[in-house]
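Below is one structure, written out as structure tokens; comments come after it.
The values are calculated or read from the model by the stated rules, or taken from the named source; none is laboratory data. Just so it is clear, the structure is predicted and the values come from calculations on it, not from any experiment. Here the Cβ positions follow ideal geometry from the backbone for every residue, glycine too, while neighbour counts run over all protein chains shown. Please note that ligands, DNA and RNA were not included when accessible areas were found on the heavy atoms of the full protein model with its side chains. Shrake-Rupley method; radii C 1.70, N 1.55, O 1.52, S 1.80 Å.
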Amino acid sequence: MALRVSDVAAAERALDDALQHSRANRHCLLALSACALVRGDAGAAERFAREALEARPEDREARNALGAALLTARKFEGAAEAFPDAAEILGEPESIERETLGRGVALRLAGRFREAIDYYEAVLPAAPSIEALGQYSLALLAIGDLPTAWQPYSFRWFEPGLRAQRASYPVPMWAGQSLAGRTVLLRCEQGVGDVIQFIRYAPLVKARGATVLLELRPGLGALANAFPGVDAAFTPGETSRTFDYWIGLLDLPWVFGTALDAIPAETPYLRTEPQRVERWRERLASYDGLKVGLVWAGDPRHPHDRERSIPLDMLAPLTGIAGVNLFSLQKGPAAAALASASFARAIVDLGNSLDD
């Protein structure tokens, strides 16, 4: 049942009225559970789903609703047990496609990676869901089975959130063809952090004899000029470039067949201008011991921000470690939390000095 936020209030009023006449009406209870999830009230969604289950304990739709509520509330173990298992799903082929995803997601987020993999390997042949393939790849990555993970991970480009960002160049994707005397475009995707992690593959592409272009995400600034292996970096639309092949940065591990023991790891693989390095060396020279930079929050607008950010107070125990100097590198709205922290004097704030 797809609902827009603007529809929820009216829908809930009508459903509440209907429940006055029949409190055990499972259709109303499940619809109210869906409305609560749209509003972000996982607790209410769980209560309505459990009421529906009380009326009909083996109701698959109610179990899926309960699993979705528990998943939203980050009660991953409970969600994994609520969703139907592979045997149940395979026993009813007509429901396979719409039920493939939930249990596997919950198992993965509960850290039960092997069970998640077994689950997806059982149901995916019968219901090859794009989203489920992506979740399957993440579970494989989590156990270190990188060679098996890369191919299903490439299906991410068919997911609704990334479909609009798929490349439409009039040249083929690079999939291992000879690059001698050729030019290849590396495409950035997803977040800035992904660029910083996967740009390590640029020297490997360069070593194949290619001229390497990098189409940047905005905001990387001067850092982009120091990426090794890149001949030219530019933002989309900045200039017209011709190239023979293109590839997304996050597809490079697949082409190179990267396994856990062969991740490119020449360090440091990010560099900047020597004068910047010297300026910061002089600024930090008076601090003895280990120097540790801290960032505790990402973009609050990110849909998964609660999985990426933590309250500053959780870092308080670090301030009691002898021989360690702590520096705040935090930017954005979360940086203001340092001023009111009880341990603020134990952390040197460098945020205002970071301008790109």
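Odds and ends about this structure:
- Candidate set: region 212-252, residues that are out of contact with any Lys or Arg (no Cβ under 7 Å at 6 or more places or on another chain) and among the charged types (D, E, K, R); chosen: the one most open to solvent (accessible area, probe 1.4 Å): 238
- Whenever a residue of region 195-211 is open to solvent by 50 Å² or more (accessible area, probe 1.4 Å), its partners that are of a type in the set (Lys, Arg), lying with C-beta atoms within less than 9 angstrom and at least six residues away or across chains, give the pairs 208/182; 211/182.
- Enumeration of residues in region 221-269 that are of a type outside the set (A, V, I, L, M), under 19 Å from residue 193 (Cβ atoms), modelled with pLDDT under 85 and not in a loop (DSSP other than H, G, I, E, B): 221, 225
- Of the residues making up region 9-50, those that are surrounded by fewer than 17 Cβ atoms within 10 Å (Cβ to Cβ), modelled with pLDDT under 85, within 32 Å of the chain's Cα centre (by Cα) and in a helix (DSSP H, G or I) number 2.
- Within region 74-179, helices (runs of 4 or more DSSP H) holding 2 or more residues that are more than 18 Å from the chain's Cα centre (by Cα) and surrounded by fewer than 18 Cβ atoms within 10 Å (Cβ to Cβ): 76-82, 86-90, 96-99, 113-123, 146-153
- Region 51-63 - residue that is open to solvent by 30 Å² or more (accessible area, probe 1.4 Å) and closer than 15 Å to residue 89 by Cα and, of those, modelled with the highest pLDDT: 63
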